[in-house]
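Q: Submitted below is the structure of interest, expressed as structure tokens.
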Amino acid sequence: MGGGSAPCVLSVFSLCLLTCSAQSYAVDDQAGLGRTFDGVGGLSGGGATSRLLVNYAEPYRSQILDYLFKPNFGASLQILKVEIGGDAQTTDGTEPSHMHYENDENYFRGYEWWLMREAKKRNPNITLIGLPWAFPGWIGRGKNWPYDYPDITASYVVSWIIGAKQYHNLEIDYVGIWNERSFNSKYIKLLRYTLDKNGLERVKIIASDNLWEPITLFVLQDRELSEAVDVLGAHYPGTTTVPEALKTGKQLWSSEDYSTFNDDVGGGCWARILNQNYVNGQMTATISWNLVASYYQDLPFGRDGLMTAQEPWSGNYVVESPIWITAHTTQFTQPGWKYLQTVGHLAHGGSYVALTNQRGNLTIVIETMTHDHSVCIRPPLLPYTVTAQRATFCLKGSFASISELQVWHSKFDFKVKKPVYFQKLSPVKVSNGSFTLDLDVDEVYTVTTITTGLKGNYPEPPPSSPFPKIYKDDFKVQHPDFSEAPDFADQTGVFEYFINETDPGPHVYTLRQVVTQRPITWVADADQTISVIGDYKWQNVTVSCDLYMEEENGGGVFVAARVDKGGGSVRSARGIFFWVFADGTYKVTSDLSGQSVLAEGQSGTRANIWNTLTLSVKGDNAFGELNGHVLWKNAVGLVPKNGWAAIGTSSFQLAQFDNFAVQAE
């Protein structure tokens, strides 16, 4: 980096005239300003991606939250987008609905309420967004479709917004339609009407959280729809937009982006798109899926978060490079700032953006990420080259009098593996209205008048360790903020704490599967319900649980080991599943669907009676016990060699679980 005084001895005007063709870039507000900056954010949900975060003990949980949300500390996120839970699988798990049934309302299910409160506690100005991925089945009246009864769907979504305020004092700022699925113009208009009717005129609508088209064409052709939609949101736009979207005059957002493994290439992806989403596509907000990789890594898209927090049992977490790349923008801008029109690409690759709060402050963010070190998971990235270069920035207009700028620097090092993230350098002196930087490849610079930047730091968290080999939960300790038991990751269905106040016996506190109707799905949920737990590497293991079937129609319950799939692939999960049924039978299968039978027979089990199932697996052999007596023994050589433990039901039915225990070798 150089101060640039030698090549800038002329006046700023004459210098920029002479050097514009030689890697000089004007930073000027005289011709007017560009679009309004709306912020950088993270997405919690879209698949239970914050599931394990809530189970961290203090102080580690608060430290993670500080790295995400605390202003001038870490990522300093300006937007938090959450899933409006719909009881269905949405990538890495299910999130519970606030209305499992039509006459049911509970605004304390799940953890998104808690997360939004924690974000607001740290940043009272953070923008909050809610978006459905799935819907409880009653909304569709038996159909896998939410738009046949748009008034019901709109009322359901608005009730979530009202509940956020009434029970958690959370003001939701934006709401979406249906994540990455069809939109319906009539529904969008009715949603706007329902919001307004309930005094929620301030809540804005984002559409359609999918592709730029066809929503842009509908907005251009339908005035009422255009008035209802405030923001056009696209997913994974590859930093580009379409002419029709620009013609609408709407704010354009990359309302879901990134979705990339959070190593340094992932950090490079994030650095490139944060700048180029505006440079190439005029997008004024970028939201990362996901906020924090806080789910079992062997589920789909493992470690695709801004940081990693997937070991609540150890307390270990990792502040990954995307946290500090985010800070390059968020610590030196705020929503409401304006982009300058003078933004663009650098002559030898890379890009720069400039923003101002129109009160004398200026922030310039520069990135020089090379192609192979900034590939995102989607869409494909066309070839391009970046080389080291010297860049001179000429400050004009209201910025011409700036004499000094703060400098923050990150350097990805893919050769020696000694990267530097978010390092404060000496201020750069502005000479005759300009300064010069020597830019290497794979770097990010922030040059700014803002002096409050800080690289926050906590002591190293505990070291990483595997899931405990001996694990027990009797579900008696129930956290007031969360409805789920620690470490269980629901993959189909919803398993919630339950207090059976009519049972004076030993099973007052249980875990209960509560979804009794197939939801309006986002992906192909299983026909069975299942919640996984533990270490995916487990091979030899004993799983035990007390189970209670509440329905007498032949439904069943199971314990399982070596479960090899979750997320959107849960329907094809294989493992060893030990089932008992209310009709007095049992079976052992190598798949969740129950089709590949390894053993079967009479069990004498029935509904409304507690039974204890124990499944022991070692090598290619397994046996199952019912209430302490061996019910079956069998060779199971064709099943997966490793996987999670699990519990579940044979259909969408009420069932309870207690005294879960697992022991692995």
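Here, each number is a calculation from the coordinates, and none is a lab measurement. Just so you know, these numbers come straight off a predicted model, no measurement behind them. All Cβ positions, even for glycine, are placed from backbone atoms using ideal geometry, and neighbour counts span all protein chains on display.
Q: Using Cα centres only, tell me the gap between region 109-178 and region 585-607 in whole Å.
A: Taking the Cα centre of each part, region 109-178 and region 585-607 sit 39 Å apart.
Q: Taking a virtual spin label 7 Å from the Cα of GLU551 along the C-beta vector, which residues in region 127-143 bring their backbone nitrogen under 15 Å of it?
A: What the label zone holds, given the 15 Å backbone N cut-off, is 137-138, 142.
Q: Near LYS587, which lysines are there with a Cα under 18 Å away, not counting those fewer than 8 places off in the same chain?
A: Hits, sequence-local ones excluded: LYS633.
Q: Between ASN198 and ALA661, what is the label-point separation in nm under the 7 Å Cα-to-beta-carbon projection?
A: 4.6 nm
Q: May I ask you to sort LYS417, LYS641, LYS250 by Cβ crowding, counting other Cβ atoms within 10 Å and putting the fewest first?
A: Neighbour counts put them in this order, fewest first: LYS417, LYS641, LYS250.
Q: A further question on this structure: Can you compute the charge dipole magnitude of region 470-664 about its Cα centre, using +1 on each Lys and Arg Cβ and -1 on each Asp and Glu Cβ, nothing else charged? Give it in debye, rounded to the nearest 20.
A: Computed charge dipole of region 470-664: roughly 760 debye.
Q: Of MET307, MET116, how do they rank once you tally other Cβ atoms within 10 Å and put the fewest first?
A: MET116, MET307
Q: Normalising by the residue count of the chain, find the relative contact order in percent from Cα pairs under 8 Å and 6+ residues apart.
A: Relative contact order of the chain: 16 percent.
Q: What relative contact order, as a whole-number percentage, does region 470-664 give when Cα pairs under 8 Å and 6 or more residues apart are counted?
A: Reported as a whole number, the value is 30 percent.
Q: Tell me whether region 36-326 comes out rounded, prolate or oblate; compute the Cα gyration tensor, take square roots of the eigenvalues as a ≥ b ≥ c, and use a/c under 1.5 as the rounded threshold.
A: oblate
Q: Here is a further query. Using 0.36 nm per residue, how much length does the chain from THR502 to ASN106 gain when fully extended, once their Cα-Cα distance is taken away?
A: This chain segment gains 140.5 nm when fully extended.
Q: Is region 47-130 best put as rounded, prolate or oblate by its Cα gyration tensor, with a ≥ b ≥ c the root eigenvalues, rounded for a/c under 1.5, and otherwise prolate when a/b is larger than b/c, oblate when not?
A: It is prolate, given that a/c is not under 1.5 and a/b is the larger ratio.
Q: Here's another thing I want to ask about it. Kindly state, to the nearest 0.05, the FRET efficiency for LYS476 paired with ASP620, given R0 = 45 Å and r defined as their beta-carbon distance.
A: After rounding to 0.05, the efficiency reads 0.75.
Q: Can you put ILE402, ILE161 in order of Cβ neighbours within 10 angstrom, beginning with the fewest?
A: Sorted ascending by nearby Cβ count, the order is ILE402, ILE161.
Q: Okay, moving on. Quick one: check the C-alpha center-to-center distance for region 471-522 versus region 299-332, whole angstrom.
A: So the separation of the two Cα centres works out to 28 Å.
Q: Another question, if that's okay. If you take the charge dipole of the chain about its Cα centre, with +1 on Lys and Arg Cβ and -1 on Asp and Glu Cβ, which of GLY47, LEU598, ILE79 is farthest toward its positive end?
A: Result: ILE79.
Q: Also: For SER572 and ALA388, what is the calculated FRET efficiency with R₀ set at 35 Å and r taken between the beta-carbons, to the nearest 0.05?
A: So the FRET efficiency works out to roughly 0.10.
Q: If you don't mind, another one. For region 189-262, what does the alpha-carbon gyration tensor say about shape, rounded, prolate or oblate, given a ≥ b ≥ c as the root eigenvalues, a/c under 1.5 as rounded, and a/b over b/c as prolate?
A: Note, shape of region 189-262 comes out oblate.
Q: How much of the calculated P(r) for the chain lies past 43 Å, in percent of all Cα pairs?
A: In whole percent, the long-distance tail amounts to 29.
Q: Can I ask one more? First select every other residue whose beta carbon is under 9 angstrom from the beta carbon of ALA88; then total the charges, Lys and Arg +1, Asp and Glu -1.
A: Counting the neighbours of ALA88, the net charge comes to -2.
Q: May I pose another question? Please compute the length gained on full extension between THR451 and GLN602, using 0.36 nm multiplied by the number of residues separating them and subtracting their Cα-Cα distance.
A: Computed gain between THR451 and GLN602 is 47.0 nm.
Q: Let me ask something else. Give me the lysines in straight-line cross-link reach of LYS189: C-alpha distance below 28 Å, same-chain residues under 8 apart excluded.
A: Partners within reach: LYS81, LYS143, LYS165, LYS197, LYS204, LYS247, LYS250.
Q: Have a look at the DSSP beta bridges in region 36-326 and tell me what percent are antiparallel, nearest 5.
A: Roughly 10 percent of the beta bridges in region 36-326 run antiparallel, per DSSP.
Q: What number, rounded to the nearest 500 deg cm²/dmol, is the helix-based mean residue ellipticity at 222 nm of the chain, given -39500 (n - 2.57) per DSSP H run of at least four residues and division by all its residues?
A: When only DSSP H runs of four or more count, the value is -5000 deg cm²/dmol.
Q: Using a Förster radius of 25 Å, what is the FRET efficiency between ASP440 and GLN341 based on their Cβ-Cβ separation? Nearest 0.05, please.
A: About 0.35, to the nearest 0.05.
Q: While we're looking at this one, here's another question. Just to be sure I understand: of the beta bridges DSSP finds with both ends in the chain, what percent are antiparallel, rounded to 5?
A: 75 percent
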